[in-house]
Amino acid sequence: MQTKETEKQKEEGLVSWIETSDSISRRFHFNQDGCLSVSICWKNFSLSNILFYFWHLEGVATISDGGYLETEVFIITCFINCILQVKVLEDTRPVVKRVAESFLNKFFPSGYPYSVNEGYLRYTQFRALQHLTSATLSVLSTQSLLFAAGLRPTPAQATVVSWILKDGMEHVGKLICSNLGARMDSEPKRWRILADVMYDLGTGLEVMSPLCPHLFLEMAGLGNFAKGMAVVAARATRLPIYSSFAKEGNLSDLFAKGEAISTLFNVVGIGAGISLASTICSSMQGKVIVAPLLSVLHIYSVVEEMRAVPVNTLNPQRTAILVADFVKMGQISGPADLRYREDLLFPGRVIEDAGKVKVGRPLHEVAKPSKFREWRDMFPDEKFFLNHGSQWTDMVLDQSATGEDALRGWLVAAYASSIKQSSDDINPNVLFQAYEEMESVFPQFLSELQSKGWHTDRFLDGTGTRFAS
């Protein structure tokens, strides 16, 4: 019987819907006689709420059979029916479930998990652990610095001073790291890990400073210098990492909720640091044991956090993996599948199945002018140049080259390398054959890449050198 009614409703179209706001929920549905009926539910039920609601119904009216407006009659009738039929509904869900939902609303993007890309939860979990351990280490290191300077601060004083020292060195770090922005765009995950390694090195110097108080100035200076650079590198890589999770144009929401998570667990970490500084780590022996453990947990959290990030832009490493998979198996991985195959510490390795391509060396170091002119005569419309060496193949891109141009060059290098296995050298005939093979498969290759979510309109090669045609 219920199935028949459902099928009948589907045939007739939309017969009911619900409109919600912060204080009221309204369910509209059509009766069998065609009249519209409204059921109202207030979250905070009171007579004043009902009066306020119907006071604003001046624009609602019905027309009787005679054609007269019956606005007042409709309002009074609806008001009386609402008073008689309204039910005060209480939230009967368990407290744990209500707290969990409130936490999700405050610290996760609207529409989660459907509004973000895969891996966001794992990224957030390890990010929380990273900030907790980082803030705890910060308190312990600052307390050690002040001990080395001959002071005996309370844990709360150490917390305050840590912010002053960190903010002061941030300006120096900005100047040092200002010329590394392009490299961070190309490898944001690698630089994010290096940032936390630098931070822990600086923190380690600070923690150990009481062991050599005569070198207090040197150790404190180097420690805060490393931490200042780490802060800049971490902030510079934040945007490309958040962008990889944005699914519905909700980058600002992702950024705001991510910073809320960071702030929350920084506060928790500071509390944990104060507790440790007052108990286990009140002595130097305790710090020597606890600080390395916290540092290991911190770096592990950052590595796992970065492994969960599905970056969807093309850089040398991701392009080489994509080309190798396509040439060898005819398959293309999406950003979520490729993320765990990236080498986050040493991304510059060459991949044999992708033609052993290296990108970004200066043109004058790669080939002689005569060889470059010969290439331009062979392929005048292409925005890449390939030079095959004994150990790898150099690719130099034109200044205006996009991700598609880099993909074309990489495919030519991969096909030429596979053809070379059956010949002694890569001569013009081999290049032409590889180029024709690339042209035959490139439309399909590009279409599959874009359908998987890759951005092929740009190629991030870091500080690689390009030529101007």
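Quick look at the numbers
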item: Where Phe445 falls short, out of the listed (1) open to solvent by less than 10 Å² (accessible area, probe 1.4 Å); (2) within 21 Å of Ile351 (Cα to Cα); (3) more than 27 Å from the chain's Cα centre (by Cα); result: (3)
item: Only listed residue being open to solvent by 10 Å² or more (accessible area, probe 1.4 Å) and either modelled with pLDDT under 85 or touching a helix residue (DSSP H, G or I) at 6+ places or on another chain (Cβ under 8 Å) (or both), chosen from Ala195, Ala230, Ala182; result: Ala182
item: Hits in the range 207-225 - residues which are open to solvent by less than 20 Å² (accessible area, probe 1.4 Å) and at pLDDT 85 or above; result: Val207
item: Tabulated pairs, the range 213-224, first closer than 19 Å to Tyr199 by Cβ, second at pLDDT below 80 and surrounded by 15 or more Cβ atoms within 10 Å (Cβ to Cβ), C-beta under 7 angstrom, 6+ apart or interchain; result: Ala220/Leu145; Asn224/Leu165; Asn224/Met169
item: Members of the range 414-432 found to be at pLDDT 85 or above and closer than 13 Å to Phe379 by Cβ, listed by number; result: Ala416, Leu431, Phe432
item: Qualifying residue in the range 363-379 (condition: in contact with a strand residue (DSSP E or B) (Cβ under 6 Å, 6 or more places away or on another chain), in a loop (DSSP other than H, G, I, E, B) and either open to solvent by 30 Å² or more (accessible area, probe 1.4 Å) or touching a residue at least 12 places away in the same chain (Cβ under 8 Å) (or both)); result: yes
item: When residues of the range 451-469 are limited to those that are more than 13 Å from Asp405 (Cα to Cα), surrounded by fewer than 14 Cβ atoms within 10 Å (Cβ to Cβ) and out of contact with any strand residue (DSSP E or B) (no Cβ under 6 Å at 6 or more places or on another chain), the one modelled with the highest pLDDT; result: Ser451
item: Residue within the range 262-270 that is surrounded by fewer than 17 Cβ atoms within 10 Å (Cβ to Cβ), free of Cβ contacts under 8 Å to residues at least 40 places away in the same chain, among the β-branched types (Val, Ile, Thr) and under 22 Å from His131 (Cβ atoms) present; result: yes
item: Top-ranked residue of the range 275-289 - restricted to ones that are open to solvent by 60 Å² or more (accessible area, probe 1.4 Å) and among the hydroxyl-bearing types (Ser, Thr, Tyr), ranked as nearest to Ser209 (Cα to Cα); result: Ser282
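The values are calculated or read from the model by the stated rules, or taken from the named source; none is laboratory data. Model, not experiment: these values are computed from the prediction. Here the Cβ is made from the backbone with ideal geometry for all residues, glycine too, and neighbour counts use every protein chain on show. Note: accessible area is taken over every heavy atom of the protein model, side chains too, but ligands, DNA and RNA are not part of it. Shrake-Rupley method; radii C 1.70, N 1.55, O 1.52, S 1.80 Å.
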